[in-house]
Amino acid sequence: MSEGEHLGMADHRFVFGTLLALAPLACGGAEGEGTETAEAAEFHRVVNVEVETVAPRPYAVSVRVTGMAAALRDVVVAADETGVVSEILAEQGSEVELGAPILKLDDEILRAQHRVASARAEYDEGYWERTRRLYEESGIGSEVAYLQAKRAAEESAGNLAVLETRLAHATVRVPFDGILDSRLVEVGSFVAPGTPVARVVQIDTIKVLAGVPARFAALVGSGTKATAHFGADEMSLSGTVAYAGATVDLRTRTMPIELTFPNPGRRIKAGGVADVVLTVDEVPDALVLPRMALISMEEGQAVFAVSDSGEHAVAEARQVRVASWQGNEVVVESGVAPGDRVVVVGQRGLTHGDWVRVVTPPAASAGTEGK
């Protein structure tokens, strides 16, 4: 064998040995890569969430409006006669009853006229009575004299009645039970018919005047349940709508309504602001969820419900149909059922099929530990 052939064989043995030496390393590398892929396939992320169990409960669909309290009756009393105020008979701020006198006008001239009219009426009545007896019983006298005497007696009686009414109106009286909220004249003031002299209010029952937005007008009518909250007094009164307008105000786009409430202790003052809640619908067994539980998807609104799958809790995306919402709550028609656990915190980062861990809110945990 020549020296060249010997070197060629040596080169082949070296290459073959090198390949044999590298073979185990190559096999080992492939085995390691397969193990890592398997471990990656087994990995599941676990998301901490808070849930709320769905339970049917009564739910009221309501409309909130702002109203203003007003007295049930609020009247400015005016004088019916001309004269000078001679006497004040009721003090400002006092409770007054129907027919009680407020003030009196100087009525000396009216009384003098009344005496004259009374004497004239008495004379004419007597003359008519004598004329009637003679004409009807004895046939004495003419029919003309008979009719003239009758007419004179009637006119005198009418004049006397007018003066008696004017004398009565010289004393200004209260038109209903209430409070004399203000007196507008003093002794010596000159008044004429129609001059305002006092203001009387009745607030044992209070009115609340409000406007309902046009889009809710069809839902509100007489008898609609309502609650009025008076913030300054921290007082709530329950009642119903006493009046609902037949038209919508074109300027404000609201329908006027009027509510009446008892006013115990007259604590609510006219002119105060009220937060009115109108109950337009009541659902006895509604499925109510926090509004934050909803997720917007291409198909519509959805929530994540937690279901148990073997040893793990799994997030399940469910499309829901919302019937109504107000504030931070929604009423769901379909998609969830009583007893479902719906994710209310942590749902933003979830996808269908994720593993979840249900945790207790910190506040609830603190309350449990305290107990």
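With the condition kept exactly as written, say whether any residue in region 283-304 is under 19 Å from the mean Cα position of the chain (by Cα), among the small types (Gly, Ala, Ser) and either modelled with pLDDT of 85 or more or assigned to a strand (DSSP E or B) (or both). I'd like the intermediate steps shown before the answer.
Filtering region 283-304 down to residues under 19 Å from the mean Cα position of the chain (by Cα) leaves 283.
Then keep just the ones that are among the small types (Gly, Ala, Ser); that gives none.
Looking through region 283-304, none of the residues is under 19 Å from the mean Cα position of the chain (by Cα), among the small types (Gly, Ala, Ser) and either modelled with pLDDT of 85 or more or assigned to a strand (DSSP E or B) (or both).
Quickly run through region 168-183 and pick out the residues that are part of a loop (DSSP other than H, G, I, E, B), more than 14 Å from residue 105 (Cα to Cα) and among the aliphatic types (A, V, I, L, M). It would help to see each step written out before you state the result.
Step one: list which residues in region 168-183 are part of a loop (DSSP other than H, G, I, E, B), which gives 170, 174-177.
Now narrow it down to the ones that are more than 14 Å from residue 105 (Cα to Cα): 174-177.
Answer for region 168-183, where residues must be part of a loop (DSSP other than H, G, I, E, B), more than 14 Å from residue 105 (Cα to Cα) and among the aliphatic types (A, V, I, L, M): just 174.
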Out of the residues in region 219-260 meeting the condition of being modelled with pLDDT under 90 and among the hydrophobic types (A, V, I, L, M, F, W, C), tell me which one is most open to solvent (accessible area, probe 1.4 Å).
232
Please verify whether region 107-115 includes one or more residues that are touching a residue at least 60 places away in the same chain (Cβ under 8 Å), in a helix (DSSP H, G or I) and either within 58 Å of the chain's Cα centre (by Cα) or more than 17 Å from residue 199 (Cα to Cα) (or both).
yes
Can you give me the number of residues within region 193-237 that are more than 10 Å from residue 259 (Cα to Cα) and assigned to a strand (DSSP E or B)?
18
Checked against (1) in contact with a His (Cβ under 8 Å, 6 or more places away or on another chain); (2) within 30 Å of residue 70 (Cα to Cα); (3) surrounded by 19 or more Cβ atoms within 10 Å (Cβ to Cβ), residue 268 satisfies every condition except (1)
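Name the residue, out of 50, 81, that is touching a Pro at 6+ places or on another chain (Cβ under 9 Å), acidic (Asp, Glu), closer than 30 Å to residue 336 by Cβ and touching a residue at least 12 places away in the same chain (Cβ under 8 Å). Quick ask: steps written out before the conclusion?
On the way: 81 fails: closer than 30 Å to residue 336 by Cβ.
Checking each option against the conditions leaves just 50.
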May I ask you to verify whether residue 214 is of a type outside the set (Phe, Trp, Tyr) and surrounded by 15 or more Cβ atoms within 10 Å (Cβ to Cβ)?
no
Matching entry among 60, 69 (being closer than 30 Å to residue 195 by Cβ, at pLDDT below 95, surrounded by 12 or more Cβ atoms within 10 Å (Cβ to Cβ) and not polar (S, T, N, Q)):
69
Does residue 161 satisfy being surrounded by 13 or more Cβ atoms within 10 Å (Cβ to Cβ) and either touching a Pro at 6+ places or on another chain (Cβ under 8 Å) or small (Gly, Ala, Ser) (or both)?
no
I need the full set of residues from region 278-326 which are closer than 23 Å to residue 44 by Cα, open to solvent by 60 Å² or more (accessible area, probe 1.4 Å) and of a type in the set (A, V, I, L, M, F, W, C), in order please.
none
From the option list 336, 332, single residue qualifying as aliphatic (A, V, I, L, M), part of a loop (DSSP other than H, G, I, E, B), buried (at least 17 other Cβ atoms within 10 Å of the Cβ) and touching a strand residue (DSSP E or B) at 6+ places or on another chain (Cβ under 9 Å) is 336
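Picking from 132, 111, 120, 151, which residue would you name as being open to solvent by less than 80 Å² (accessible area, probe 1.4 Å) and of a type in the set (D, E, K, R)?
On the way: 111 fails: open to solvent by less than 80 Å² (accessible area, probe 1.4 Å); 120 fails: open to solvent by less than 80 Å² (accessible area, probe 1.4 Å); 151 fails: open to solvent by less than 80 Å² (accessible area, probe 1.4 Å).
It is 132.
The values are calculated or read from the model by the stated rules, or taken from the named source; none is laboratory data. Keep in mind that this is a model prediction, so the values were computed, not measured. Using ideal geometry, Cβ is built from the backbone for each residue, glycine included, and neighbour counts are taken over all protein chains shown. Just the protein is used for accessible areas: all its heavy atoms, side chains included, with ligands, DNA and RNA removed. Shrake-Rupley method; radii C 1.70, N 1.55, O 1.52, S 1.80 Å.
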